Amino acid sequence: MISRNRIYCEDCIEFMEKIRINDKVRIDVIVTSPPYNIGKKYNTYSDNMEHKDYLEWIYVVAQRSYSILKTNGSFFLNIGGTSVDPLLPFQVLNKFVDAGYKLQNTIHWIKSISIEKEDIGNSNPIGVDSVSIGHYKPIRSNRFLTNTHEYVFHFTKTGSKPIDKLSIGVPYQDKSNLRRWKSAIQDKRDRGNVWFIAYPTIQHGRSHPAVFPEKLAKLCIKLHGFRPTDFIVYDPFMGIGNTALACLELGVDFVGTEIDQEYIEYANQIIAIKKNCD
Ligand SMILES: C[S@@+](CC[C@H](N)C(=O)[O-])C[C@H]1O[C@@H](n2cnc3c(N)ncnc32)[C@H](O)[C@@H]1O
């Protein structure tokens, strides 16, 4: 039996197989970001497999996860490409499809954006000529633009899982839509599949080279729809615990795996701090 609200220092593939065989629990939501095989400097994990081996490995991750996910569960896979390997996210996507998943939504996570007055129209809420928001690490290249975006692929088993769009909805910009559209029963509309989420200015030191913001995990779990009981979120590649923090915030159970004990210790510290603040 797995213990809830714990990060196990284990290989996720072995862990998922143990759950499949020994445990009755099935997972409601998986939110995760695997290593991208782009040579990131992790503490323990070596992020430079042969490309073919990496895709085979990710296929096994997809297969194992499928076997422990509930029939109406969701797998939110955060993955980005690099300028020199822009097809990687789609090759990984294909491995998930090969493992039986349906791609239900493609979400674009925007880390930084510049908006100019001429593109906003008359009701300019920004009030300045242009604004640039968010953080990114510029690349030095005369060929490539800096990548300020990653994907979140939303996989389900059926492709038709109802989602709770308004739980992450945004207010109507033009309030007259509220009167005109019968479907608009509250001042909230679908935010669409382009999510601007900036990294917090100060990340928890430099304890991990490839994190996603807690808010990304939070939006995914809310979009799937969640209950306070009889519900569990799993992050196979937990890193320093941002999925766990999102679960704490929402009041749902989580379980995680991570092969690096130092990352787990760090995650446990920030989880404890968050618990003490609540
Ligand atoms: C992209 S990072 C995840 C970061 C996480 N989303 C966060 O915000 O902290 C991927 C993590 O997977 C871990 N990892 C690599 N192979 C693993 C495996 N087989 N099982 C579990 N964790 C693994 C790495 O140590 C790394 O921390």
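The values are calculated or read from the model by the stated rules, or taken from the named source; none is laboratory data. Worth saying up front: this structure is predicted, and the values here are computed from it rather than measured. Every residue, glycine among them, receives a Cβ derived from its backbone with ideal geometry; neighbour counts consider all protein chains shown.
List of remarks:
- Note on region 242-278: among residues that are within 6 Å of the ligand (Cβ to nearest atom) and of a type outside the set (Phe, Trp, Tyr), the one that is farthest from SER207 (Cα to Cα) is THR257.
- Subset of region 215-241 (residues that are part of a strand (DSSP E or B), within 16 Å of the ligand (Cβ to nearest atom) and not aromatic (Phe, Trp, Tyr)): VAL233, ASP235
- Residue that is surrounded by the most Cβ atoms within 10 Å (Cβ to Cβ) [pool: residues in region 146-164 that are touching a residue at least 12 places away in the same chain (Cβ under 8 Å) and within 23 Å of TYR199 (Cα to Cα)]: VAL152
- Where a residue in region 242-254 is in contact (Cβ under 8 Å) with a residue 60 or more places away in the chain and its partner, wherever it lies, is of a type in the set (Lys, Arg) and outside any strand (DSSP E or B), with Cβ under 8 Å and at least six apart: ALA246/LYS215; ALA246/LYS218; ASP253/ARG4; PHE254/ARG4
- Exactly one residue among LEU103, LEU93 is within 17 Å of THR156 (Cα to Cα) and in contact (Cβ under 8 Å) with a residue 60 or more places away in the chain, and that residue is LEU93.
- The C-beta contact set for region 20-44 (first residue within 14 Å of LYS70 (Cα to Cα) and away from the ligand (no atom under 15 Å from the Cβ), second residue part of a strand (DSSP E or B) and charged (D, E, K, R), distance under 6 angstrom, 6+ apart or interchain) comprises ARG26/LYS70; ASP28/LYS70.
- Check on GLN63, modelled with pLDDT of 95 or more, assigned to a strand (DSSP E or B) and not small (Gly, Ala, Ser): no
- Residue within region 96-105 that is touching a strand residue (DSSP E or B) at 6+ places or on another chain (Cβ under 9 Å) and within 13 Å of the ligand (Cβ to nearest atom) present: no
- Screening TYR59 against (1) more than 11 Å from the ligand (Cβ to nearest atom); (2) within 23 Å of PHE254 (Cα to Cα) leaves a single unmet condition, (2).
- Taking region 101-155 and the strands (runs of 3 or more DSSP E) fully enclosed by it, the elements with 3 or more residues that are farther than 25 Å from CYS220 by Cβ are at 130-134.
- Residue pairs meeting the criteria (Cβ under 6 Å; at least 6 apart or on separate chains; first in a strand (DSSP E or B), in region 77-89; second polar (S, T, N, Q) and within 16 Å of the ligand (Cβ to nearest atom)): ASN78/SER33
- Note on region 1-19: residues that are basic (Lys, Arg), within 16 Å of the ligand (Cβ to nearest atom) and under 21 Å from the mean Cα position of the chain (by Cα) total 1.
- Selection status of ASP11, at pLDDT 95 or above, within 19 Å of THR243 (Cβ to Cβ) and surrounded by fewer than 15 Cβ atoms within 10 Å (Cβ to Cβ): yes
- Taken over region 18-46, the residue count meeting the criterion of being part of a helix (DSSP H, G or I) and either more than 15 Å from GLN63 (Cα to Cα) or touching a helix residue (DSSP H, G or I) at 6+ places or on another chain (Cβ under 6 Å) (or both) is 3.
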